[in-house]
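*Asks:* I am attaching a structure below and will ask some questions about it afterwards.
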Amino acid sequence: MIVSGRLVSPEKVWSAHVRIENGTIVDVGCDLGRPDVEFSQDCLIFAGMGDIHIHARDDPSERETHKEDFVTAAAAALHGGVVHVADMPNNPAAPIDDESYAAKQRHLARRNVPVQVTLYAGIGPGTRPLSQNVPYKAYMGPSVGELYFTSLEQLDKTLARYRGQSVSFHCEDPVLLEAHKGAATHEERRPPACEISATRFALQMIEKHELTGKLCHYSVGEGLPLIREARRRGLPVTCEVTPHHLFFDTTVIDDANRGLMQMNPPLRAAADRQAMLDALRDGTLDYLATDHAPHTLEEKSRGVSGQPHLDTYSAFVTWLIVEHEFSPERMAEVCALNPGRFVNPYTAPKKFGRIAPGYAGSLTVLNLNRPTTIRREGLLTKCGWSPFEGVTFPGCVEAVILDGRRV
Ligand SMILES: [Zn+2]
C-alpha cells in the first residue's frame, strides 16, 4: 500500500509517500509510485499515535467488564486515532507476578484485538520483578485491590528489589491523603500538596534505586520545577499529562457535573492548567496519556473517580494544534515518538513512533479543517459517555491506517 500526503515527524512537516508492506513501513520518499490513498492538504499524517495510560478494565476475573473490555477499549482507541495502548494493572485479578501477568496476557490474546496492548505489572506490598521484561506501575495511595501501600517506607523497601526497572508512579502521598480526608470537596481532599510531596518521594526513589521513572497524569504547576531540576541532574524521568488536566480546571465544576468531573488526581486551579499547557509545550511533559478510566454513569453518580478519553484522543490533539498553536511536530513527539519509545522495549517485533522503514505500518491521519462535535451516540467505549459531550473540536480523525490497512 502507498499512502500520500503531508507527513509529520518531530523534525518537520513535508509532502511524501509512505509504502507499507506486510504491516511494516518499508519506504518513505517523494515518489514511490501511484498512491493507493491520497490525503488532502487539510490533513496531517502522523505515525500511529499511542496512549500509554489506559484502564481497559479487562482481566481473567471479568469483574469489571460491564464498563469496558479489551475489545471495546480497542474500538474506542481506533475511533480516537490511537493504534497502541498500555493498560494499567489495578484489576481485581491484578497482574503482579509471573503467573497472574501470564494469565492476563492469555486473556488479552483470547480477545484478539487489532491494536497493540502493552500490559503494566503492578508493584504492591511484597511483590518482586517478573522474569520477563515489563513496565511497572506503583500506586502510592489507595487504589483497586491489593496494590496499596499504607506507608512510603513500605514502598521504598519494595522498590529496592526493582533496581534498573521501568516504574511509573501515581503521585499522591497516602499520608497527606489521609490527613485531608475530612475536607468538603474531592479537590480539597486531594490537594496539590499530596502530589508535590509524592513527586519528591518518587524522584528520590528513581535516584536511590536506579529506576527509569515516569510520573503519571501530572497536574500541579508547583511540582514542575522539581522535575526540571531532577532532569538537569540527569535523572531518567519522563511525565504524562491528561486531556482533562489540560482542558478543564476547578472553575468548570458545578453541582450538576461534580460527579463527572471527579478523578484522581483531581482537577486543579486555572493556573495549574496553564502550567500544564506550557510544560507540554516546553518539553517538561512528554506524553499525552489519557488515564482513560471508564465507569458507568450510574457509578459516576456514586462518586467513582475517572473519565473516559480514548474515543476523543485525536480530536483533542487538533484542539491543541489549532486553539493553542502547538506545532504538529511537537504533537508527533508527544503522541507518537515518545509513547513509541516507552512501549518499544515490550512490543517486538513491532516498533512504534516514527514514519520510517522498519516501524509499524500504522498511521494516524488528522483533518484540521473538519470540526467535530462530540456526541454520546458516536462513542465506542462501553461506558457510553464522555466529559467532552457537546464540545466542538476544530478537527477530527480523517483515517487510521493499521498495519497497512485502512480501518
Ligand atoms: Zn490511571
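*Asks:* Condition first: surrounded by fewer than 22 Cβ atoms within 10 Å (Cβ to Cβ), without any contact (Cβ under 8 Å) to a residue 60 or more places away in the chain, touching an Asp or Glu at 6+ places or on another chain (Cβ under 8 Å) and not in a loop (DSSP other than H, G, I, E, B). Can you find one or more residues in segment 372-383 that meet it?
*Replies:* Scanning segment 372-383, I find at least one residue that is surrounded by fewer than 22 Cβ atoms within 10 Å (Cβ to Cβ), without any contact (Cβ under 8 Å) to a residue 60 or more places away in the chain, touching an Asp or Glu at 6+ places or on another chain (Cβ under 8 Å) and not in a loop (DSSP other than H, G, I, E, B), so the answer is yes.
*Asks:* I would also like to ask the following. If only one of GLY340, GLY306 is crowded, with 22+ Cβ neighbours inside 10 Å, small (Gly, Ala, Ser) and closer than 26 Å to VAL117 by Cα, which one is it?
*Replies:* From the options GLY340, GLY306, the qualifying one is GLY340.
*Asks:* Taking into account only those residues within segment 276-333 that are of a type in the set (S, T, N, Q) and farther than 23 Å from ALA74 by Cβ, which is nearest to the ligand (Cβ to nearest atom)?
*Replies:* SER305
*Asks:* Return yes when ALA76 is within 16 Å of the ligand (Cβ to nearest atom), at pLDDT 95 or above and surrounded by 24 or more Cβ atoms within 10 Å (Cβ to Cβ) and no when it is not.
*Replies:* So ALA76 passes the test.
*Asks:* Can you tell which of GLY29, GLY5, GLY33, GLY50 is of a type in the set (Gly, Ala, Ser) and closer than 25 Å to PHE342 by Cβ?
*Replies:* Going through GLY29, GLY5, GLY33, GLY50 in turn, just one is of a type in the set (Gly, Ala, Ser) and closer than 25 Å to PHE342 by Cβ: GLY50.
*Asks:* Are there helices (runs of 4 or more DSSP H) fully within segment 251-356 with at least 2 residues that are without any contact (Cβ under 8 Å) to a residue 24 or more places away in the chain? List them.
*Replies:* 270-282
*Asks:* Quick check on my filter: what residues within segment 79-95 are assigned to a loop (DSSP other than H, G, I, E, B) and more than 16 Å from the ligand (Cβ to nearest atom)?
*Replies:* Residues satisfying the conditions are GLY80, GLY81, ALA93.
*Asks:* Taking segment 38-69 only, how many residues are away from the ligand (no atom under 16 Å from the Cβ) and surrounded by 16 or more Cβ atoms within 10 Å (Cβ to Cβ)?
*Replies:* 11
*Asks:* Of the conditions (1) surrounded by fewer than 19 Cβ atoms within 10 Å (Cβ to Cβ); (2) more than 26 Å from ASP249 (Cα to Cα), ALA184 fails just one. Which one is it?
*Replies:* Single failed check for ALA184: (2).
*Asks:* Just give me the residues in segment 5-37 being acidic (Asp, Glu) and either within 16 Å of the ligand (Cβ to nearest atom) or under 24 Å from the mean Cα position of the chain (by Cα) (or both), in sequence order. It would help to see each step written out before you state the result.
*Replies:* At the first step, the residues of segment 5-37 found to be acidic (Asp, Glu) are 11, 21, 27, 31, 36.
Scanning segment 5-37 gives a single hit, GLU11.
The values are calculated or read from the model by the stated rules, or taken from the named source; none is laboratory data. Here the structure is a predicted model, which means the values were calculated and not measured. Note: ideal-geometry Cβ built from the backbone for every residue, glycine included; neighbour counts use all protein chains shown.
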